[in-house]
Amino acid sequence: NFKKHNLKSLKVITYGTAPMPLDVIKRAIEELPGVGFINAFGQTETASTVTALTAEDHNITGTPAEKEKKLKRLSSIGKPLGDVEVKIVDEEGKTVKQGETGEILIRGPRVMSGYWKDKEKTDKTIDKEGWIHTNDMAYQDDGGYIFLAGRSTDMIKRAGEWISPEEVEAVLQQHPNIEEVAIIGIPDDEWGEVPLCVAVLKAGTSSTPEELMEFCRVNLASFKRPRSVVFVRELPRNPMGKILKKQLREEHAPKKK
């Protein structure tokens, strides 16, 4: 119904909290050509926004190569704001190389001084150098744009290989019958953990688990493919709109014999 309404007063839309499916943001840019889009990333502990994908980043213009790079970066959370320090580190606290996945650490005047009357939790979250450990996993491209890989607690470890749920979800969101999807890790006797797809189909469509797994086979490395698919009517979310993956793991974990 876009064409039925006068949206000239709409200037800026800021989005965040959960990843925006690429097809959705691309369509929004096309349908609302006069609107500036901003993807904001942050935490309560960092006084909200610390990185942003700016309105200019959403302006898909330039040479074919520049357009392709901008389209890819629509899946990112942008770059750090001017008064924020961000680094991505491995399990030993060492800064990872470009393209490698690690945990996002944040430092600067936006960072909280601590949790109220909870020194133990504060000490676990803020290190001696003042870096907040976000538990968010990510990697950076050659331009410094940050791409989320998921919460550290949501990452899936299959036989020593780390799998980013968000990478698999981004692929499945491109399937024409998928309304929304969540990838979780479930225990497996042989591999340690394997990916499980929990999917909500668009109204009036149908798919089989085999069809979705084949779709992933064509578009993902073999070890990243979901090994099973569950269809549900809706995904559980908290008041902020984030999918409750802990609840999904509890609901869909294999029953112990």
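Report, in cubic angstrom per residue, the convex hull volume of the C-alpha atoms of the chain. Kindly include the intermediate steps, with their values, before the conclusion.
Values: hull volume 45.6 nm³, N = 257.
For the chain, the hull spanned by Cα atoms encloses 177 Å³ per residue.
Please give the Cα centre distance for region 30-76 versus region 133-159, rounded to the nearest Å.
A separation of 18 Å, based on Cα centres.
Run through all the Cα pairs of region 172-247 and give the fraction in each 5 Å bin from 0, expressed as whole percent.
It works out to 3, 14, 26, 24, 18, 11, 3, 0, in whole percents.
Net charge around R110, counting only other residues with Cβ within less than 13 Å of its Cβ (Lys, Arg = +1; Asp, Glu = -1)? Display every interim value, and only then the final one.
Numbers: positive: R107; negative: E45, D83, E85.
Its environment carries a net charge of -2.
For region 126-222, what mean projected area does the convex hull of the alpha carbons give, in nm²? Write down the numbers at each step before the final one.
Working: hull surface 35.1 nm².
With the hull built on Cα positions only, its mean projection is 8.8 nm².
Okay, which of region 1-27 sit inside 18 Å, backbone N to the point 7 Å along the Cα-Cβ direction of V232?
18-19
Around I178, with a cut-off of 13 angstrom between Cβ atoms, what is the net charge of the other residues, counting Lys and Arg +1 and Asp and Glu -1?
For residues surrounding I178, the net value is -4.
Need the C-alpha centroid separation for region 90-109 versus region 177-202, integer Å.
Cα centroid to Cα centroid, the span is 27 Å.
Give me a comma-separated list of calculated 3J(HN,Hα) values for region 230-241, in order, Karplus coefficients 6.51, -1.76, 1.60 applied at θ = phi - 60°, integers in Hz, x for any Gly or Pro.
Values, residue by residue: 10, 9, 9, 6, 7, 9, x, 9, 8, x, 7, x Hz.
Given the chain, what percent of its DSSP beta bridges are antiparallel, to the nearest 5? Before the final figure, lay out each step's value.
Values: 37 of 46 bridges.
Bridges in the chain are about 80 percent antiparallel.
Could you work out the local net charge near E31, counting Lys and Arg as +1, Asp and Glu as -1, over the other residues with Cβ closer than 14 Å to its Cβ? Please list the in-between numbers first.
On the way: positive: K3, K4, K8, K26, R27; negative: D23, E30.
Taking every other residue near E31 into account, the sum is +3.
Given bins 10 angstrom wide, list per bin the percent of all Cα-Cα distances in region 20-111, short to long.
15, 38, 33, 13, 1
Taken together, the values in this text are just the output of simple stated rules run on the coordinates, not laboratory data. Owing to the predicted nature of the structure, the values given are computational and were not obtained by experimental measurement. Counting neighbours? That spans all protein chains shown, and the Cβs are built from the backbone with ideal geometry, glycine included.
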